[in-house]
Amino acid sequence: MTMTPVTYGGSRRPPRGDYSVARPDYTCDQAWDSYTQAQHELYARLFARQLRLVQGRACDEFLRSLANLDMGARIPRFEHVCERLGHATGWQIIAVPGLIPEEAFFRLLSQRRFPVTVWLRTPEEFDYIVEPDLFHDLFGHVPLLFDPVFADYMQAYGEGGLKAQRRNALELLARLYWYTVEFGLIDTAHGLRVYGAGILSSPGELERALTDAAPLRIGFDLRRVLRTRYEIDDFQKTYFVIDGFAQLFEQTAQDFAPIYQQLLPLPSFAPGRAEPGDRLFGAPVSTC
Ligand code: PHE
Ligand code: FE
């Protein structure tokens, strides 16, 4: 899941998916039996390619948890993954028809329920897809929900989203999601690694996020992130690098109300431009 029809590019297009089957909280059944053989095979191909690409690039917490996804021979049954996840961190995954409204999304996260889209991209969208589909949601997001600290961060984010809505600060808070959950990098003993789902589920961005010289890689700073705009339809020009999930959790645990008050009147920063005070990382030459 990325964000919502509104945040996701401000597109007027209705989100893709069959919303007639959704319950009032936007959840639905996965209807696993309705996937075709061709869809299972497409999923297996997506999984195999990405499994190869994440080696040496994704953080260890992600790589360790991938095995919980049935290793990609077919589209997993959500209930199987959900059972393992429940034992690990108490999170559930639940089926949704596609992008859902912000409020419903935050509420689910605050209840430790992660929404996963039921539909899979078409073969024509093998390399690139605009809206989050089943593969992005499951492969990109679910493994880290097995990590206890990251799992707590996601729940806190959901609670923070409900609060940001009341304070008209969603634009700021959405940037935090974007630059951490979707496009975050992490500094490890083996060098920079990826933990953001938007990178992990994208072959092109995964190959370039760590090694391309063009994008900025800036040490995580909460206020800097909240002020930085992002682009949804191109490779990122700026990434933010955390030292670990504990740092991420600690820096976001404080009350954001005074921070919103301070930042809302200030101008935002353009992606791809360094600002005074940025702690910049160079691009590693090789990732393996
Ligand atoms: N501490 C934040 C607040 O008071 C909530 C939050 C936690 C937001 C974690 C994002 C991530 O609003
Ligand atoms: Fe997402």
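The values are calculated or read from the model by the stated rules, or taken from the named source; none is laboratory data. All figures in this text were calculated on a predicted structure; none of them were measured in a lab. Don't worry about glycine lacking a Cβ; one is built from the backbone with ideal geometry, like all the others, and counts go over all protein chains shown. Each accessible area value is taken on the protein alone, full model and side chains, heavy atoms only, with ligands, DNA and RNA left out. Shrake-Rupley method; radii C 1.70, N 1.55, O 1.52, S 1.80 Å.
Odds and ends about this structure:
- Restricting region 82-120 to residues that are under 18 Å from A67 (Cβ atoms) and assigned to a helix (DSSP H, G or I), the residue that is least open to solvent (accessible area, probe 1.4 Å): L85
- Whichever residue in region 258-274 is open to solvent by 80 Å² or more (accessible area, probe 1.4 Å) and not in a helix (DSSP H, G or I) and, among such residues, is nearest to Q165 (Cα to Cα): L264
- Considering residues of region 228-257 that are under 23 Å from the mean Cα position of the chain (by Cα) and small (G, A, S) only, the residue most open to solvent (accessible area, probe 1.4 Å): A253
- Residue check: Q247 meets all listed conditions (1) over 22 Å from Y195 (Cα atoms); (2) in a helix (DSSP H, G or I); (3) of a type outside the set (D, E) but one, namely (1).
- Applying the condition of being surrounded by fewer than 22 Cβ atoms within 10 Å (Cβ to Cβ) and either in contact (Cβ under 8 Å) with a residue 40 or more places away in the chain or not in a helix (DSSP H, G or I) (or both) to region 121-136 and asking which residue is nearest to ligand 1 (Cβ to nearest atom) yields E131.
- For region 238-249, filtering for residues that are over 13 Å from L185 (Cβ atoms) and within 10 Å of ligand 1 (Cβ to nearest atom) leaves 1.
- Flag if V142 is surrounded by 23 or more Cβ atoms within 10 Å (Cβ to Cβ), on the phi < 0 side of the Ramachandran plot and near ligand 1 (Cβ under 10 Å from one of its atoms): no
- Selection over region 31-73 of residues that are surrounded by fewer than 20 Cβ atoms within 10 Å (Cβ to Cβ) and more than 26 Å from A189 (Cβ to Cβ) gives a count of 18.
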